[in-house]
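*Asks:* The structure follows.
The values are calculated or read from the model by the stated rules, or taken from the named source; none is laboratory data. None of these values were measured; they are calculated from a predicted model. Quick reminder, even Gly has a Cβ in these numbers, built from the backbone with ideal geometry, and neighbours come from all protein chains shown. When the accessible area is computed, the model is the full protein with side chains, heavy atoms only, and any ligands, DNA or RNA have been set aside. Shrake-Rupley method; radii C 1.70, N 1.55, O 1.52, S 1.80 Å.
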Amino acid sequence: MSVILRSLGASIAPLRMSNEDIAERLDTTDEWIRSHTGIGARHFAPKGTMTSDMAAEAARKALTKAGIGPKELDLIVLATATPDYFGFPATACIVQEKIGAYGVPAFDITAGCTGFIYALDAAASMLEARHGRHALVIGSDLLSRIADWSDRSTAVLFGDGAGAAVVSRIDEAGRGCLSFILGAEGSGAKDLYLEQSPRDDIWERSAPTVPTLRMDGKKVYEFAVKSITVLIERIMHATAYSLGDFDWIIPHQANARIVQAAGKRFGVPAEKFYMNIEEYANTSAASIPLALAEMDEKKLLKPGNLIMLVGFGAGLTYGSAVIRW
Ligand code: UT7
């Protein structure tokens, strides 16, 4: 028995903003953004678009490619840091209604940019445990809505988008999701968090503030490099694979320099890491499924390929998945 990623779908936000476009609004330059991050552009969703709209678009595309109707789903798991409603209802429930998957259980996962890997592990485990057949695993984020547009050190880094995968349990061993590693370091919770004004006492009546992303870039950078390094070492230790066995490593697209540092550490050629940060910037939970959907579209993923997903993000969380395509 295996759980495979049967099909993929993406939702690319329509408003493309180059670094030059951003430099018209913030004190920054294309040269600084490219040299410090590898980002050349990002895509923003127009006013009125919600995280669930992008998620539903990606989900519909993945379902169409799989040839599976929404009512055949057994589960919807959605990873996001920017839900339609902070707290409740789950954005996954709103997507369930939008795609017509009536009655299908649906819930959200909060694991920042590692969210898609957490969601994939949760969905694969639930399909296996309950003998379900098909799940929809989605990463969708609208970072433009929580970015601090007065802070050039964070605002230039993020974009909007969604990626979805139809994940199916099959009666065949050795394919699909082979192993997962998940972890978290809650001591770094305030290194990357959403500042808002929750009531911390019963009768408080302070005016709510707009939720705004706050990041200690240097601390998160160090955590990210350490996470990729530790994850790769742990995968090598826990499996019989060496790095040379992998056809692709698909990292969370946060900063090209983080990936270059990991590649240098292990002597892995840059071409083995799939990167699309130059066009989409950091789309948080959407970044890995967006990369997978793009690779699928370009027919880069061949049956039998061994791939590694590695992510890190708010929590602070980290995680990896080893998949035989
Ligand atoms: O997905 C979640 C995970 N997130 C990440 O992995 C992000 C991790 N962190 C990073 O990628 C990097 O720390 C950043 C890209 C956020 C920052 O890069 P850095 O090389 O650490 O820059 P810095 O914060 O040390 O800033 C260096 C200089 C400063 O100027 P001074 O003080 O040296 O004069 C900043 O004010 O660059 C300045 N700066 C900018 N200049 C032009 C910061 N942001 C900008 C900007 N444009 N956008």
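*Asks:* Could you count how many residues in segment 201-215 are over 27 Å from Thr154 (Cα atoms) and open to solvent by 80 Å² or more (accessible area, probe 1.4 Å)?
*Replies:* 4
*Asks:* Hey, can you tell me all the residues within segment 284-320 that are under 23 Å from Gly244 (Cβ atoms), open to solvent by less than 10 Å² (accessible area, probe 1.4 Å) and not in a strand (DSSP E or B)?
*Replies:* Ile288, Ala291, Leu292, Met295
*Asks:* If we keep just the residues of segment 101-160 that are farther than 23 Å from Gly183 by Cα and among the acidic types (Asp, Glu), which is nearest to the ligand (Cβ to nearest atom)?
*Replies:* Asp151
*Asks:* Quick one: what pairs do we get from segment 259-278, first residue free of Cβ contacts under 8 Å to residues at least 24 places away in the same chain, second among the basic types (Lys, Arg) and in a helix (DSSP H, G or I), C-beta under 8 Å, 6+ apart or different chains?
*Replies:* Note: pairs meeting the criteria are Gly263/Lys272.
*Asks:* Being outside any helix (DSSP H, G or I) and among the hydroxyl-bearing types (Ser, Thr, Tyr) is the filter here; which residues of segment 43-98 pass it? Steps first, please.
*Replies:* First, the residues of segment 43-98 that are outside any helix (DSSP H, G or I): 43-50, 67-69, 73-90.
Listed by number, the residues that qualify are Thr49, Thr80, Thr82, Tyr85.
*Asks:* Next question, about the same structure. Just one of Lys272, Lys298 is over 20 Å from Leu182 (Cβ atoms) and in contact with a Gly (Cβ under 9 Å, 6 or more places away or on another chain); which is it?
*Replies:* Values: Lys298 fails: in contact with a Gly (Cβ under 9 Å, 6 or more places away or on another chain).
Just a single option satisfies the conditions, and that option is Lys272.
*Asks:* Something else about it: So if I check each of Ala23, Ala55, which one is outside the structural domain of Lys302 (by TED's automatic domain parsing) and buried (at least 23 other Cβ atoms within 10 Å of the Cβ)? Steps first, answer last, please.
*Replies:* On the way: Ala23 fails: buried (at least 23 other Cβ atoms within 10 Å of the Cβ).
Testing whether each residue is outside the structural domain of Lys302 (by TED's automatic domain parsing) and buried (at least 23 other Cβ atoms within 10 Å of the Cβ) leaves just Ala55.
*Asks:* Considering only residues of segment 26-42 that are touching a residue at least 24 places away in the same chain (Cβ under 8 Å), assigned to a loop (DSSP other than H, G, I, E, B) and within 11 Å of the ligand (Cβ to nearest atom), which is surrounded by the most Cβ atoms within 10 Å (Cβ to Cβ)?
*Replies:* Taking the candidates together, the pick is Ile39.
*Asks:* Which is in contact (Cβ under 8 Å) with a residue 40 or more places away in the chain and in contact with a strand residue (DSSP E or B) (Cβ under 6 Å, 6 or more places away or on another chain), of Ala62, Ala56, Ala106?
*Replies:* Working: Ala56 fails: in contact with a strand residue (DSSP E or B) (Cβ under 6 Å, 6 or more places away or on another chain); Ala106 fails: in contact (Cβ under 8 Å) with a residue 40 or more places away in the chain.
Just a single option satisfies the conditions, and that option is Ala62.
*Asks:* Name the residue, out of Ala184, Ala162, that is within 21 Å of Ser140 (Cα to Cα) and not assigned by TED's automatic domain parsing to the domain that holds Glu72.
*Replies:* It is Ala184.
*Asks:* All but one of (1) farther than 30 Å from Pro46 by Cβ; (2) at pLDDT below 95 hold for Ser150, so report the exception by its number.
*Replies:* Result: Ser150 fails condition (1) only.
*Asks:* Which residues, counting only those in segment 237-283, are part of a loop (DSSP other than H, G, I, E, B) and either at pLDDT 95 or above or open to solvent by less than 10 Å² (accessible area, probe 1.4 Å) (or both)?
*Replies:* Phe246, Asp247, His252, Gln253, Ala254, Asn255, Tyr274, Met275, Asn276, Ala281, Thr283 - these are the residues of segment 237-283 that are part of a loop (DSSP other than H, G, I, E, B) and either at pLDDT 95 or above or open to solvent by less than 10 Å² (accessible area, probe 1.4 Å) (or both).
*Asks:* Of the residues that make up segment 89-109, is at least one modelled with pLDDT under 95 and open to solvent by 30 Å² or more (accessible area, probe 1.4 Å)?
*Replies:* No, segment 89-109 has no match at all.
*Asks:* Something else: Of the residues that make up segment 121-142, is at least one touching a strand residue (DSSP E or B) at 6+ places or on another chain (Cβ under 9 Å), closer than 22 Å to Glu195 by Cβ and open to solvent by 10 Å² or more (accessible area, probe 1.4 Å)?
*Replies:* Taking every residue of segment 121-142 in turn, none turns out to be touching a strand residue (DSSP E or B) at 6+ places or on another chain (Cβ under 9 Å), closer than 22 Å to Glu195 by Cβ and open to solvent by 10 Å² or more (accessible area, probe 1.4 Å).
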